[in-house]
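Asker: Following this message is one structure expressed as structure tokens.
The values are calculated or read from the model by the stated rules, or taken from the named source; none is laboratory data. Model, not experiment: these values are computed from the prediction. Cβ sites come from the backbone with ideal geometry, for glycine too, and all protein chains shown count toward neighbours.
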Amino acid sequence: LEDVQQSIPQPTDDGRNIFFHETSCLKKDGIVRLNARQACAIESAARANPEWNVYVLFAAPVGFRNRTTQPILDALLAYPNVHLRYVNLTTYANDTPLKEWMARGEILRSQYMNSHLSDVMRYLTLYKYGGTYLDLDVIVQQSFEKMKPNYAGAESPQYIAAGVINFESKGHGHELAEMCVRDLLANYNGYQWAQNGPGVITRVLVKHCHTQSITNMTQHCSEHFTVYPPSAFYAIAYWNYKQFFEEPYLKSALEALNQSIVVHLWNKLSKDNPVWVGSRVAYGVLAERYCPKVYRSCGHVF
């Protein structure tokens, strides 16, 4: 794969960039691998935002061996706005506040390296380019075109989650992205799972918006930043994740998600719950609707 820092098209500074990060490839065999659910997230983002570039950034130099064995990748690459790229970790932080920290290899000593690298990369990428970061366990239902830049979503009254984040490449958005990067530097904890992801954006906004209350945050910060309610991106809370996988919940789950812009599937908890292609569970029905090419190419189990 080409290095994102040198390849064309480059992310644009008008904000029409969507970024996904695949950080678990550091320990693998150098082959591009995406499972059906990750590919579904990417396809749904590309379909809903055909005028935007969708970058899938791999944290190691990976490539293709035999494409015919990966119909899921072919399904994805049918979209001209999907770009698979490699991130050179040694140079990616150059010209950013994280340069020395990355050079010291601090991240490689983390007990949760994959998820912590993903935390660092999302803020670093938004600092460098601006645009929208998405987790790989989502389904995008609506276009981002009409959304005012600079936003994230609450997953509960206490927490702003880090699964959907948008910062502009300049102005207030860039300032906030820099605050996030600097917060990572100051508070990085390689031993605590949630310290670096949701912790960062929550701490930065509490400071920037001068309020501890997540529900009042948009009021306090309305010119600079929007905190969407849980219904926008996290309508089904993580403790109810089974609703995506069990047929009796189909109707109520789809109703709960009807107005959501993005659906978050809580992969950390839900990854071992199978979805049989054609079954009437919410995740399968949403996949068929929003990532049809991937869903059709993934075999019997999604």
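Asker: Which pairs have Cβ atoms under 8 Å, sit 6 or more apart or on different chains, and link a residue in the stretch 1-17 that is in contact (Cβ under 8 Å) with a residue 24 or more places away in the chain and over 20 Å from Lys170 (Cα atoms) to one that is of a type in the set (S, T, N, Q) and surrounded by 13 or more Cβ atoms within 10 Å (Cβ to Cβ)?
Answerer: Asp3/Asn88
Asker: If you go through the stretch 218-225 one residue at a time, do you hit one that is in contact with a helix residue (DSSP H, G or I) (Cβ under 8 Å, 6 or more places away or on another chain), within 19 Å of Leu134 (Cβ to Cβ) and not charged (D, E, K, R)?
Answerer: Looking for residues that are in contact with a helix residue (DSSP H, G or I) (Cβ under 8 Å, 6 or more places away or on another chain), within 19 Å of Leu134 (Cβ to Cβ) and not charged (D, E, K, R), one finds at least one in the stretch 218-225, hence yes.
Asker: Where in the stretch 106-154 are there strands (runs of 3 or more DSSP E), lying fully within it, with 2 or more residues that are modelled with pLDDT of 95 or more, over 11 Å from the mean Cα position of the chain (by Cα) and within 22 Å of His224 (Cα to Cα)?
Answerer: 151-154
Asker: Does Ala60 satisfy the condition of being of a type in the set (A, V, I, L, M, F, W, C), in contact with a Ser or Thr (Cβ under 9 Å, 6 or more places away or on another chain) and at pLDDT 95 or above?
Answerer: In short, no.
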